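Visitor: Can you keep this structure in mind? I'll have questions shortly.
The values are calculated or read from the model by the stated rules, or taken from the named source; none is laboratory data. Keep in mind it's a predicted model, so treat the numbers as computed, not measured. Ideal geometry is used to build each Cβ from the backbone, glycine not excepted, and the neighbour counts take in all protein chains shown.
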Amino acid sequence: ALRIAVLASGRGSNLQAILDAIAKGDLAAEVVGVFSDRPRALALERARAAGVPALALEPRNFADRAAFDEHLFHRIDETRPDLIVCAGYMRLLGAAVVNQRRGRIINIHPSLLPAFKGLRTHQQALDNGASEHGASVHFVTAELDGGPVITHAAVPVMADDDADRLAERVLALEHPLLLATLRLFAAGRVTLDDSHIRLDGIALAAPLRL
Ligand code: GAR
């Protein structure tokens, strides 16, 4: 089974979707550890409730971001993950740790990348008058929300949406999007080389729309 380490800063609903799918036999994977930058993250409780080792490291206890990242990824590496999944992890990862793990870290982001990188993506979509919005799963590179996009899922933006309603509609789609993407990894179907994401060995011309 695919060994997954999860990084999460908060609520952990995406983590829960992974844990539930594994428990139901819907995803051939094992969550080998959950890691957080926030000791009070609900994600840590969800992990422990599922019998998964959970660890929080506080950035303020480290000299700088590089020191924090080094320690965090040392602990992650100890769990020997095949794939590291950022699921609501709200801290930038430094180039050093990311570049050493090219093709092995993915992130779920609440927009149709490359549109609306960074924070408050739902408000960004509304402010820009987008008619369509959604979520993306992408490989993490040193560029914030800028790595190659593997999969997309879209929802319509409604005339009376506010950021909360739009966020709710997108989140409902994030869980199946992340699971479908993880199933591709679990089946060994996705790889990243110097220039391309490959699905079954064939270079993707555009993100897969799920
Ligand atoms: C999700 O909407 C995820 O896409 C987003 O945070 C939320 C976490 O929810 N991630 C980012 O904004 C990354 N920059 P969860 O903790 O319930 O999974």
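Visitor: Collect the residues in region 96-115 that are under 30 Å from Asp127 (Cα atoms) and out of contact with any Leu (no Cβ under 6 Å at 6 or more places or on another chain), keeping them in residue-number order.
Guide: So in region 96-115, the residues under 30 Å from Asp127 (Cα atoms) come out as 106-115.
Of everything in region 96-115, those that are under 30 Å from Asp127 (Cα atoms) and out of contact with any Leu (no Cβ under 6 Å at 6 or more places or on another chain) turn out to be Ile106, Asn107, His109, Pro110, Ser111, Leu112, Leu113, Pro114, Ala115.
Visitor: Turning to a different aspect of this structure: Residue check: is Val52 within 16 Å of the chain's Cα centre (by Cα) and under 15 Å from Arg75 (Cα atoms)? Show your work before the answer.
Guide: Working: within 16 Å of the chain's Cα centre (by Cα): no; under 15 Å from Arg75 (Cα atoms): yes.
No.
Visitor: Here is a check on your reading of the model: is Ser36 among the polar types (S, T, N, Q), within 25 Å of Val97 (Cβ to Cβ), modelled with pLDDT of 95 or more and within 15 Å of the ligand (Cβ to nearest atom)? Let's see the steps before the verdict.
Guide: Details: among the polar types (S, T, N, Q): yes; within 25 Å of Val97 (Cβ to Cβ): yes; modelled with pLDDT of 95 or more: yes; within 15 Å of the ligand (Cβ to nearest atom): yes.
Considered against the rule, which asks whether it is among the polar types (S, T, N, Q), within 25 Å of Val97 (Cβ to Cβ), modelled with pLDDT of 95 or more and within 15 Å of the ligand (Cβ to nearest atom), Ser36 comes out as yes.
Visitor: Separate question: Just to be sure, is Glu168 surrounded by fewer than 16 Cβ atoms within 10 Å (Cβ to Cβ) and within 11 Å of the ligand (Cβ to nearest atom)?
Guide: So Glu168 fits the description; yes.
Visitor: Just one of (1) within 13 Å of the ligand (Cβ to nearest atom); (2) within 21 Å of His74 (Cα to Cα); (3) touching a helix residue (DSSP H, G or I) at 6+ places or on another chain (Cβ under 8 Å); (4) not β-branched (Val, Ile, Thr) trips up Leu44, so point out which.
Guide: (3)
Visitor: Being among the aliphatic types (A, V, I, L, M) and either under 18 Å from Leu171 (Cβ atoms) or within 16 Å of the ligand (Cβ to nearest atom) (or both) narrows it down to one of Ala28, Ala49, Ala63, Ala1, so name that one.
Guide: Values: Ala28 fails: either under 18 Å from Leu171 (Cβ atoms) or within 16 Å of the ligand (Cβ to nearest atom) (or both); Ala63 fails: either under 18 Å from Leu171 (Cβ atoms) or within 16 Å of the ligand (Cβ to nearest atom) (or both); Ala1 fails: either under 18 Å from Leu171 (Cβ atoms) or within 16 Å of the ligand (Cβ to nearest atom) (or both).
Just a single option satisfies the conditions, and that option is Ala49.
Visitor: Still on this structure, I have one more. So which of Arg48, Arg60, Arg40 is without any contact (Cβ under 8 Å) to a residue 24 or more places away in the chain and part of a loop (DSSP other than H, G, I, E, B)?
Guide: Working: Arg48 fails: part of a loop (DSSP other than H, G, I, E, B); Arg60 fails: part of a loop (DSSP other than H, G, I, E, B).
Step by step, each of Arg48, Arg60, Arg40 is checked, and only Arg40 is without any contact (Cβ under 8 Å) to a residue 24 or more places away in the chain and part of a loop (DSSP other than H, G, I, E, B).
Visitor: I would also like to ask the following. Looking at region 118-134, is at least one residue at pLDDT below 95, among the hydroxyl-bearing types (Ser, Thr, Tyr) and either away from the ligand (no atom under 12 Å from the Cβ) or closer than 19 Å to Cys86 by Cα (or both)?
Guide: Within region 118-134, not a single residue is at pLDDT below 95, among the hydroxyl-bearing types (Ser, Thr, Tyr) and either away from the ligand (no atom under 12 Å from the Cβ) or closer than 19 Å to Cys86 by Cα (or both).
Visitor: So Ala142 ticks every box in (1) touching a helix residue (DSSP H, G or I) at 6+ places or on another chain (Cβ under 9 Å); (2) surrounded by fewer than 16 Cβ atoms within 10 Å (Cβ to Cβ); (3) under 23 Å from Leu19 (Cβ atoms) but one. Which box is left unticked?
Guide: Checking Ala142 against (1) touching a helix residue (DSSP H, G or I) at 6+ places or on another chain (Cβ under 9 Å); (2) surrounded by fewer than 16 Cβ atoms within 10 Å (Cβ to Cβ); (3) under 23 Å from Leu19 (Cβ atoms), the one that fails is (3).
Visitor: Is it true that Ile18 is farther than 18 Å from Val149 by Cα, β-branched (Val, Ile, Thr) and within 14 Å of the ligand (Cβ to nearest atom)?
Guide: Numbers: farther than 18 Å from Val149 by Cα: yes; β-branched (Val, Ile, Thr): yes; within 14 Å of the ligand (Cβ to nearest atom): yes.
So Ile18 fits the description; yes.
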